[in-house]
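The values are calculated or read from the model by the stated rules, or taken from the named source; none is laboratory data. All of these numbers come straight from a predicted model, not from anything done at the bench. For neighbour counting, all protein chains shown are included, and Cβ atoms are generated from backbone atoms with ideal geometry for every residue, glycine included. Keep in mind that these areas ignore ligands, DNA and RNA; they rest on the heavy atoms of the full protein, side chains included. Shrake-Rupley method; radii C 1.70, N 1.55, O 1.52, S 1.80 Å.
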Protein chains: 2
Amino acid sequence: MAVRHRPAAAAPGDPPPASTAAVATPDEPAKEPVLRPPNLRLAAVAAVLFLAPFSYLAFVHYPLDADLRRSILKCAAMSLAGFFVALKFIPVAARYHLRRRMFGYDINKKGLPTGEIKVPEALGLVVGIVYLVIAIIFQQFHYTEDSIWLVEYNAALASVCFMILLGFVDDVLDVPWRVKLVLPTIAALPLLMAYAGGTSIIIPKPLTPYVGLTVLELGSFYKIFMLLLAVFCTNSINIHAGINGLEVGQTVVISAAVLIHNVMRIGSSTDIETQQAHEFSIYLVLPFLTTSLALLAFNWYPSIVFVGDTYTYFAGMALVVVGILGHFSETLLLFFLPQVLNFLCSVPQLFHFVPCPRHRLPRFDPQTGLLTGTKDGNLVNIFLRLFGNCSEKALCIRLLIFQALCCIFCFWLRYMLTGWYK
Amino acid sequence: MAVRHRPAAAAPGDPPPASTAAVATPDEPAKEPVLRPPNLRLAAVAAVLFLAPFSYLAFVHYPLDADLRRSILKCAAMSLAGFFVALKFIPVAARYHLRRRMFGYDINKKGLPTGEIKVPEALGLVVGIVYLVIAIIFQQFHYTEDSIWLVEYNAALASVCFMILLGFVDDVLDVPWRVKLVLPTIAALPLLMAYAGGTSIIIPKPLTPYVGLTVLELGSFYKIFMLLLAVFCTNSINIHAGINGLEVGQTVVISAAVLIHNVMRIGSSTDIETQQAHEFSIYLVLPFLTTSLALLAFNWYPSIVFVGDTYTYFAGMALVVVGILGHFSETLLLFFLPQVLNFLCSVPQLFHFVPCPRHRLPRFDPQTGLLTGTKDGNLVNIFLRLFGNCSEKALCIRLLIFQALCCIFCFWLRYMLTGWYK
C-alpha cells in the first residue's frame, strides 16, 4: 500500500489494438487478449521422447536401490504436478505481463498478421517460481536434517533464485550488455561460497607424463573456474536464441541428457559419494525438465509467449548448479557443444571485431514463409546457409536434432575414453 | 538476445514532461531526469543514533570475546561498503525504473508542483541485491565449511532472495491483494524446510499450574507459527506505510532494536548455542540496517525515490528470518508493536466489514502544507486525529518515535519479566 498512482499498471493509454483480435475468441469482447491454447501434443511427445530413456535406465536397465527408485518416483510425481501448475499459471501471468506492457513482436513473422500480435515476454518467470517451490518442498521428503547435502542444496536454490531475480530485473529494466555479463557472476556467489567439494582436477592419463602429476590441486582457482562456467552457460543459452522454441528446446535436450548421464553413473559406479552427487542432480533436473516442457508448449512455433532472459539465465544457472555440485562439469560442457560452437562463431561480433546488429536474426520472406541466413556468425544463420532456407519451425527442429546429436556424441566419447582418458 | 522489439523499454511515447524540469539541473538538457542528491546528513545522524547503542554495548559495556568482536568489525566494514554501493546504485537504477515507466506520483503533495514529479518506484530492489551480495560473501569470512549454521544461513538467504523476487514481481505486475498475502508464504518455504531448531515453546511460569506443562512441544504446528509470523511481518510493514520515509524508518528502528537485543543476550548468556544464534542475527541485520540507511537518504521527506513492495516484503522477511533462526521471535513481535496495533486497527477495513478506499491516506491541504487525519483505521490517520494536523515529515518523525518507544517498552518488559515470566 504505497503512496502512488500506478500509471503504467492501470495502462489507460494502452488499449488492445485491432491486431489482438486475431488471438481473441470471436464471441468475447476484445477487452483482454485471450491467448491461444498451448501445444499439448508437442509437450506430450517431447515428454515421452526425453523422459523415456531415463525411465528405462532407472527402472528397467539398472538394478537401482528400491529407496532411490522411490525417491525418484516422488520427485517425478512432484515434477508432474509442477508441469500442470506451470501450464495453468503461464496464461494467467501472460495477461499481467501484457497489461504491464511486457511484450514483444515476433520479428521472424514480420510482414504477416501474426507479426503484429503482442507476444507476452519473460514468461520464464512462472517456470522459475514453480521450479523453486517444487525443489524447496522436495528436500522435506528426501533429505534429513543432518544431511551434508542440505548446505549445497540450499546454496543451489539461493543461486537459482538469485539468477531468476536478476534475469527478471534484466527483462524489466533492459540493462546494458556489460551489466548482463556481470549478473551470473553475482548470482553464482551463493554456490561459490557454499561449495565444499574437491577443488582438484584429474589430469588426463595421456598428459600425466608431461605434467608430472595425476591430480592437480587448483584451490581457489577452482572457484574461478566455477564462476566462468556459470557466466558461460547462462550467457551461451541466452545468445543461442532468436527462433521460436529454441531457448526452451535446447535446455530440454540438455536436461534429458543430464538425467541419462546421472542414472548411468549411479548404475555403473560403486562409490557412494558419486552416486549421491548424481542423485542430487536428478532431483534438481527432473522438475526443471517438466516445468520447461510446460513453457515449451507455449513457446513452440508459433510462440504464444516469449521466455525472456529470465528463462535463459534461470536455465543456465539450474544446469550449472547441478553440473558443479554433481561433479560432472566437464561432461556438462560437452552437452553444451552447440552453445560452445555458437559462442565461438559469435566472438568476432560480440567483441565488435566485426559490426554487430541488435538482433542477429535471419531474413524472413513473408511471401514464401521461409528464413534466409544472413552473414551473422551464429548457428541459426550458419545452419540456414549450410542446409538451405527453411521455415522457422524446421530450423528449430534441425538445431534441436543437432543438440541431441552432440549429446549422443558426448556419451560415445565418454564411453570410448573411459579407462584411457582418466 | 530474444526475438523482440522492446516497445516500453525504448519508451518512444514517454518523453519527460515539463514537471521533471523541477528536478533537473538547469544547465542540463531535460533528456534524462536528474535526481536530487540524497539526504546524507539524515543518513549520518540516523547511523549515529541507531548504531551508537549497539557499538557501545558490543565494544565497551560487555566483555565480548575478541574473535566475536573481530567478526562484528568485519561485518560492519562490509556493511559500510554496502551503504556506499547502495548509495551509488540507487540513482542509477532509478533512471532505469523511470525509463521503464516504474514511477508514481506523491499523493501527499497533490496540488503542489512537487506532486507532479514522477518519483521512481520499487528502489528497494537495489538495497535487496546489495544486501544479498554482502550477506553471501560474509559467510566466506566467518563460517567454516562444516559449520552447522551454514544450512540455515543459506536457507535464510534463499528465503530473503525469493521474497525480493516476489516483491519485485508484485511491483512490476501489480498482483491482486489475495495473491499478495500468499507471496510471503511461498518465500518462507526455504526457511521452513531447512529449519532444524526446536519446535517447542516454554510456557510462561504463571500459566504452568493451569496448563500442567512447563514446555509445550508443538512439532509441525511450530512451522505453521513460523509461516504465520512471516506472512504477518511482511504484510504488516507493507500496510504501515504511505508517508515519505516511514517504510524504511520503521525497519531501521526495529533493526537497531534487534541489534541491541542480540548483543545484550550474547553478553548476558552463558549458553554457547544462544550466543551463536544471536551472533548469526547480528551478521544478517547489520548489512540490512546500513543498506536501508542508504535508501532512507533517498526516501526521507521529500522522497526522491519510493521503496516499493520490493522493500517492505524484503525488510519483513529479513527480520523474520533472523527472529526465527535467532530464536527470539516473541521479542521480535514485541518490537513490531506499532505494526500489530496498525494491523488491528486496519482489520475492519482489510476484511471489508467497513468500506476500504484504495489508499488510506490523510487529506493534504496544499495551502497550509499540513495533513489532516481521515476516518480510516490506521496509525497514520489515528496519530493525526490524536495529536493534531502536522506536516508529512513531522508525522513520520512522530510515528518513528512511537516505534522507538515501543522497542524501549519491550526491553523494559523483558527486564521486568525475566525470572518471573520464564
Helices (runs of 4 or more DSSP H) within region A:121-215 that include 1 or more residues in contact (Cβ under 8 Å) with a residue 60 or more places away in the chain and within 10 Å of chain B (Cβ to nearest Cβ): A:124-142, A:149-173, A:177-187, A:189-194
Any chance residue A:315 is away from chain B (no Cβ under 14 Å), open to solvent by less than 10 Å² (accessible area, probe 1.4 Å) and either of a type in the set (Val, Ile, Thr) or on the phi < 0 side of the Ramachandran plot (or both): no
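So which residues in region B:91-116 are away from chain A (no Cβ under 12 Å) and crowded, with 16+ Cβ neighbours inside 10 Å, if there are any at all?
Of everything in region B:91-116, those that are away from chain A (no Cβ under 12 Å) and crowded, with 16+ Cβ neighbours inside 10 Å turn out to be B:91, B:114.
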Residue B:228 vs. criteria without any contact (Cβ under 8 Å) to a residue 12 or more places away in the chain, assigned to a loop (DSSP other than H, G, I, E, B) and more than 28 Å from residue B:384 (Cβ to Cβ): no
Test: residue in region A:349-371 that is surrounded by 24 or more Cβ atoms within 10 Å (Cβ to Cβ), closer than 13 Å to residue A:254 by Cβ and either modelled with pLDDT under 95 or within 14 Å of chain B (Cβ to nearest Cβ) (or both): no
Subset tally (residues that are within 13 Å of another protein chain (Cβ to nearest Cβ), polar (S, T, N, Q) and out of contact with any strand residue (DSSP E or B) (no Cβ under 7 Å at 6 or more places or on another chain)) for region A:282-312: 3
Single condition residue B:88 does not satisfy, out of (1) in a helix (DSSP H, G or I); (2) within 7 Å of another protein chain (Cβ to nearest Cβ); (3) of a type outside the set (A, V, I, L, M, F, W, C); (4) open to solvent by 10 Å² or more (accessible area, probe 1.4 Å): (2)
Condition met for residue A:418 (open to solvent by less than 40 Å² (accessible area, probe 1.4 Å) and of a type in the set (S, T, N, Q)): no
Where a residue in region A:231-242 is within 15 Å of residue A:160 (Cα to Cα) and more than 7 Å from every other protein chain (Cβ to nearest Cβ) and its partner, wherever it lies, is surrounded by fewer than 20 Cβ atoms within 10 Å (Cβ to Cβ) and aliphatic (A, V, I, L, M), with Cβ under 8 Å and at least six apart: A:231/A:181; A:235/A:181
Filtered residues of region B:374-422 (kept if touching a strand residue (DSSP E or B) at 6+ places or on another chain (Cβ under 8 Å) and not in a helix (DSSP H, G or I)): B:374, B:389, B:390, B:391, B:422
Search result, residues across region B:210-265 that are open to solvent by less than 10 Å² (accessible area, probe 1.4 Å), polar (S, T, N, Q) and within 24 Å of residue B:381 (Cα to Cα): B:234, B:236, B:238, B:244, B:250, B:251
Residue list for region B:274-301, restricted to those being farther than 15 Å from residue B:153 by Cα and either at pLDDT below 95 or aliphatic (A, V, I, L, M) (or both): B:274, B:275, B:289, B:293, B:294, B:295, B:296, B:297, B:301
Members of region B:95-120 that are part of a helix (DSSP H, G or I) and either within 30 Å of residue A:189 (Cβ to Cβ) or touching a strand residue (DSSP E or B) at 6+ places or on another chain (Cβ under 9 Å) (or both): B:95, B:96, B:97, B:98, B:99, B:107, B:108, B:109, B:115
Matching entry among B:273, B:279 (being out of contact with any helix residue (DSSP H, G or I) (no Cβ under 7 Å at 6 or more places or on another chain) and either more than 14 Å from chain A (Cβ to nearest Cβ) or crowded, with 23+ Cβ neighbours inside 10 Å (or both)): B:273
Conditions (1) under 18 Å from residue B:307 (Cβ atoms); (2) in contact with a Gly (Cβ under 6 Å, 6 or more places away or on another chain); (3) open to solvent by 20 Å² or more (accessible area, probe 1.4 Å); number of the one not met by residue B:171: (3)
Failed item, numbered, when residue A:388 is tested on (1) touching a helix residue (DSSP H, G or I) at 6+ places or on another chain (Cβ under 7 Å); (2) over 30 Å from residue A:227 (Cα atoms): (1)
Residue match in region B:379-399 (condition: at pLDDT below 90 and open to solvent by less than 50 Å² (accessible area, probe 1.4 Å)): no
Selected residue (criterion: farthest from residue A:300 (Cα to Cα)) from residues of region A:28-51 that are open to solvent by less than 50 Å² (accessible area, probe 1.4 Å) and part of a helix (DSSP H, G or I): A:51
Residue tally, condition part of a helix (DSSP H, G or I) and touching a residue at least 40 places away in the same chain (Cβ under 8 Å), over region A:334-367: 10
